[in-house]
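Here's the structure, in structure tokens; my notes come after.
Here, each number is a calculation from the coordinates, and none is a lab measurement. All values derive from a computational prediction rather than experimental measurement. Neighbour counts run over all protein chains shown; Cβ positions are idealised from the backbone, glycine included.
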């Protein structure tokens, strides 16, 4: 997981993974005879770590705090964690690698299904139905895209502005507060 997050899927060769884990090539091949076996095990491990982090974030909303702000801030923080970075790397590799695509797809579906379920609903404290699902999807996919984006100048200010817009859009879709515009006063 760490190597996928730090050096990328393609640079994390079986030999590098074995060396980093302190295994001989033979020991590595004993446990993972093929790259497919290694990647499948890595995806299972990464997925379990993502779910655990997500469940922890969902289980601890601030008492009396702003649930929408907490949900957005919590998910934004999760996207910088190694399991989320490693999974994003695998999703990128899956675009052009059919083996990775086949192995990543079930984990993507399971995480997406969990996003619809109780943990994310608890995190966002939003209702149910298409409008609320749209607000969750909008926040999730915009934050994921922002985490993968290459903002080259004024990065922190631009991120803060975009997260503010995500917050306002989620509130508009959830009809929380009196936010009427996506962009606030200048």
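Measure nothing but the geometry: give the 0 to 90° angle between the long axis through the Cα atoms of 67-78 and the longest principal axis through the Cα atoms of the chain, rounded to 10°.
Rounded to the nearest ten degrees, it is 20.
Quick one: compute the contact order of the stretch 1-101, relative version, from alpha carbon pairs under 8 angstrom and 6+ residues apart, as a percent.
Relative CO of the stretch 1-101 lands at 42 percent.
Between residue 158 and residue 51, what is the label-point separation in nm under the 7 Å Cα-to-beta-carbon projection?
3.6 nm
Which of the peptides 135-148, 96-109 is most tightly packed, and how do the rest follow, judged by the mean count of other Cβ atoms within 10 Å per residue? Intermediate values should be presented prior to the final figure.
Values: 135-148: 16.9, 96-109: 15.0.
Those peptides, ordered most packed to least, come out 135-148, 96-109.
Cα axis of helix 155-174 to longest principal axis of the chain: angle in degrees, 0 to 90, nearest 10?
Its long axis makes an angle of about 60 degrees.
May I ask for the angle, rounded to the nearest 10°, between helix 82-94 and the longest principal axis of the chain, with both axes built from Cα atoms and the value confined to 0 to 90°?
Tilt of helix 82-94: around 70 degrees.
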